[in-house]
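Take a look at the structure below.
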Amino acid sequence: MLVKTYCAAVNGLDVTTVTVEVSMTRGVQFHLSGLADTAVRESHDRIVAALKNNGIKFPVADITVNMAPADLRKEGSGYDLPLAIGLLAAMGKVKPDHLSEYMIIGELSLDGKIQPVRGALPIAIKARKEEFKGLIVPEKNIREAAVVNRLSVYGMDNLLDVVRFLNDEETFQPTIIDTRREFYEHQSSFDLDFADVRGQENVKRAMEVAAAGGHNMIMIGPPGSGKSMMAKRLPSILPPLSLAESLETTQIHSVAGKLGENMSLISQRPFRAPHHTISQVALVGGGANPKPGEISLAHNGVLFADELPEFNKATLEMLRQPLEDRKITISRAKYTVEYPCSFMFVASMNPCPCGYYNDPTHKCVCTPGQIQRYLNKISGPLLDRIDIQIEITPVPFKDISRATQGESSSSIRERVIKARQIQEQRFREHRGIHCNAQMTERMIHQYAEPDEAGIDMLRAAMERLNLSARAYNRILKVARTIADLDASPNVQPQHLAEAISYRNLDRGDWAER
């Protein structure tokens with residue numbers, strides 16, 4: 001007897017429908033074809049134990065299982081459940097009437113329990129696109145998959161539940177989630193708030209500008225000056241995720257297996273802070289079984305690199321292309337996958353090896369040469385992609401001991417949202433451009449060109465401060481964002497002056513002060 005069940009293979013964010021064909025004839029052998037990896041081949045042993053522990057004897061027969069398309073590599077344990085249902089249907093234990101109506105995914109425990117799998121959300125999207133009547137998933141994946149509307153999603157706890165459901169022996173209700181209500185409920189609840197930050201008004205202003213224009217940013221200051229504290233609060237002032245952005249972000253975390261239990265849509269922009277010992281594969285993605293890296297997990301959010309010079313230089317250089325293209329293509333001998341990675345890059349670093357250069361309370365023991373060598377750990381091409389460079393000094397005691405709180409994140413966020421709305425309107429005819437940080441050189445001349453007084457100020461500043469040529473476009477981009485925060489249609493000299501102050505590391509004499 002020949003029966004077919006349906007599941008899916010996830011490759012990057014692309015999903016392919018997989019047909020599991022089970023043929024049973026007289027004999028004693030088990031054959032599995034279709035480029036299955038070790039985890040899929042081991043499913044035979046899990047299925048045998050699961051059936052036995054649920055009172056079903058594994059058949060003594062010649063069983064051939066083909067997973068089509070046969071030239072697509074199948075990886076992971078999510079094929080256990082569709083394989084088991086296919087075998088039971090071939091044995092006559094499951095009616096084949098409904099098998100073509102449902103896509104099935106899940107890993108089997110030896111006692112027949114169904115364990116969660118990675119990628120339930122993109123699989124659910126594929127099931128709806130392929131017009132399946134419903135999707136059967138593990139109970140722990142139900143909220144993740146049920147965010148897809150116009151698809152009946154059933155969360156099952158064990159193998160026998162699936163058998164009873166397909167045989168019409170028991171009625172199960174699909175899970176329905178009010179996606180919009182859950183999404184908007186959690187958009188504005190943050191554990192960290194800028195109201196907790198005392199002093200550092202210039203840095204908070206720089207962060208507001210960075211958030212308003214989507215600019216990459218680096219903070220340079222001694223230990224204890226609040227770099228990490230403020231970076232962790234950056235998501236609280238970024239514009240809220242749209243539903244489309246949330247769905248795309250949630251898919252990436254689903255494929256990576258990073259969604260927690262009972263999670264549906266990610267409603268807040270992600271904040272990823274990898275340790276400086278991170279490997280290249282962990283940062284950009286890939287591996288034997290390809291998974292998204294930290295840059296993709298930070299998609300539509302923030303990637304924070306604390307103590308930037310401590311990262312491996314080769315690892316840091318891999319950020320250059322993703323920062324420009326906002327996507328990463330990983331090509332290996334056995335696969336090619338593409339992940340989106342449109343993120344704000346925020347970094348922090350000490351100004352010198354001892355950490356106390358330009359600190360008014362501690363004496364720096366480093367020579368200018370040592371400071372310059374320390375700064376040279378960050379390559380020019382990488383620094384070229386960072387629009388805002390801000391220097392931080394420790395907060396004086398009188399500001400720390402002050403009882404009054406700083407401005408709240410919600411107040412700052414309102415101004416950021418208004419500036420982003422101006423940019424969305426400005427770039428509505430430019431595909432893929434949403435904020436000032438993404439402007440091309442032609443757009444800079446079109447939308448951020450200063451007047452004669454501004455050009456004179458910019459020329460004088462570049463000559464007097466010995467700014468590098470690469471600073472020119474960055475200053476204009478940032479000035480355009482500052483003008484948007486002021487709701488100004490043109491870039492004024494005061495906007496340029498503030499933008500120039502955010503180019504500390506470009507100053508030729510920075511390490512000699």
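The values are calculated or read from the model by the stated rules, or taken from the named source; none is laboratory data. Since the model is a prediction, treat every value here as computed from it, not as a measurement. For neighbour counting, all protein chains shown are included, and Cβ atoms are generated from backbone atoms with ideal geometry for every residue, glycine included. Protein only, heavy atoms only, side chains kept; ligands, DNA and RNA dropped before computing areas. Shrake-Rupley method; radii C 1.70, N 1.55, O 1.52, S 1.80 Å.
Observations on the structure shown:
- Scanning the range 435-455 for residues that are assigned to a loop (DSSP other than H, G, I, E, B), crowded, with 17+ Cβ neighbours inside 10 Å and under 26 Å from the mean Cα position of the chain (by Cα) yields a count of 2.
- Residue match in the range 188-205 (condition: at pLDDT 85 or above, closer than 30 Å to Ile500 by Cβ, open to solvent by 20 Å² or more (accessible area, probe 1.4 Å) and in contact with a strand residue (DSSP E or B) (Cβ under 8 Å, 6 or more places away or on another chain)): yes
- Exclusive hit being among the polar types (S, T, N, Q), part of a loop (DSSP other than H, G, I, E, B) and open to solvent by 10 Å² or more (accessible area, probe 1.4 Å), set Ser77, Ser23: Ser77
- Count - residues of the range 456-490 that are farther than 17 Å from Leu383 by Cβ and either in a loop (DSSP other than H, G, I, E, B) or aromatic (Phe, Trp, Tyr) (or both): 5
- Selection over the range 157-184 of residues that are at pLDDT 95 or above and touching a Leu at 6+ places or on another chain (Cβ under 8 Å) gives a count of 4.
- Screening Arg164, Arg118 for residues that are open to solvent by 40 Å² or more (accessible area, probe 1.4 Å) and in a helix (DSSP H, G or I) leaves exactly one candidate, Arg164.
- Residue under evaluation Lys377, criteria (1) in a strand (DSSP E or B); (2) open to solvent by 20 Å² or more (accessible area, probe 1.4 Å); (3) not hydroxyl-bearing (Ser, Thr, Tyr), criterion not met: (1)
- Tallying residues that are crowded, with 20+ Cβ neighbours inside 10 Å and either of a type in the set (Phe, Trp, Tyr) or over 15 Å from Met344 (Cβ atoms) (or both) within the range 284-307 yields 8.
- Within the range 462-513, restricting attention to residues that are open to solvent by 40 Å² or more (accessible area, probe 1.4 Å), over 29 Å from Val365 (Cβ atoms) and basic (Lys, Arg), the residue that is modelled with the highest pLDDT is Arg464.
- In the range 308-325, residue surrounded by the fewest Cβ atoms within 10 Å (Cβ to Cβ) [restricted to those that are in contact (Cβ under 8 Å) with a residue 40 or more places away in the chain and within 15 Å of the chain's Cα centre (by Cα)]: Leu323
- Within the range 67-93, residues that are free of Cβ contacts under 8 Å to residues at least 40 places away in the same chain sit with their Cβ atoms under 7 Å from residues that are part of a helix (DSSP H, G or I), at 6+ positions apart or across chains, in these pairs: Asp80/Ser43; Asp80/Arg46; Asp80/Ile47.
- Scanning the range 204-243 for residues that are touching an Asp or Glu at 6+ places or on another chain (Cβ under 7 Å), part of a loop (DSSP other than H, G, I, E, B) and over 22 Å from Cys435 (Cβ atoms) yields Gly221, Pro222.
- Residues in the range 331-348 that are in contact with a Ser or Thr (Cβ under 9 Å, 6 or more places away or on another chain) and surrounded by fewer than 16 Cβ atoms within 10 Å (Cβ to Cβ): 1 in all.
- Unmet requirement for Gly432, which otherwise passes all of (1) open to solvent by 30 Å² or more (accessible area, probe 1.4 Å); (2) on the phi < 0 side of the Ramachandran plot: (2)
- Long-range neighbours under 6 Å by Cβ, at least six apart or interchain, first residue in contact (Cβ under 8 Å) with a residue 40 or more places away in the chain within the range 150-176, second part of a helix (DSSP H, G or I) and open to solvent by 30 Å² or more (accessible area, probe 1.4 Å): Asp157/Glu139; Leu166/His98
- Selection status of Leu303, touching a helix residue (DSSP H, G or I) at 6+ places or on another chain (Cβ under 9 Å), part of a strand (DSSP E or B), more than 22 Å from Gly119 (Cβ to Cβ) and of a type outside the set (Asp, Glu): yes
- Total residues in the range 125-154 satisfying the condition of being more than 14 Å from His98 (Cα to Cα), outside any helix (DSSP H, G or I), open to solvent by less than 80 Å² (accessible area, probe 1.4 Å) and in contact with a Ser or Thr (Cβ under 6 Å, 6 or more places away or on another chain): the figure is 3.
- Number of the exception - Val153 against (1) within 30 Å of Met229 (Cα to Cα); (2) touching a strand residue (DSSP E or B) at 6+ places or on another chain (Cβ under 7 Å); (3) not polar (S, T, N, Q): (1)
- Number of positions in the range 52-66 that are without any contact (Cβ under 8 Å) to a residue 40 or more places away in the chain and outside any loop (DSSP other than H, G, I, E, B): 2
- Sole exception among (1) outside any loop (DSSP other than H, G, I, E, B); (2) out of contact with any Phe, Trp or Tyr (no Cβ under 7 Å at 6 or more places or on another chain); (3) hydrophobic (A, V, I, L, M, F, W, C) for Ala333, by number: (1)
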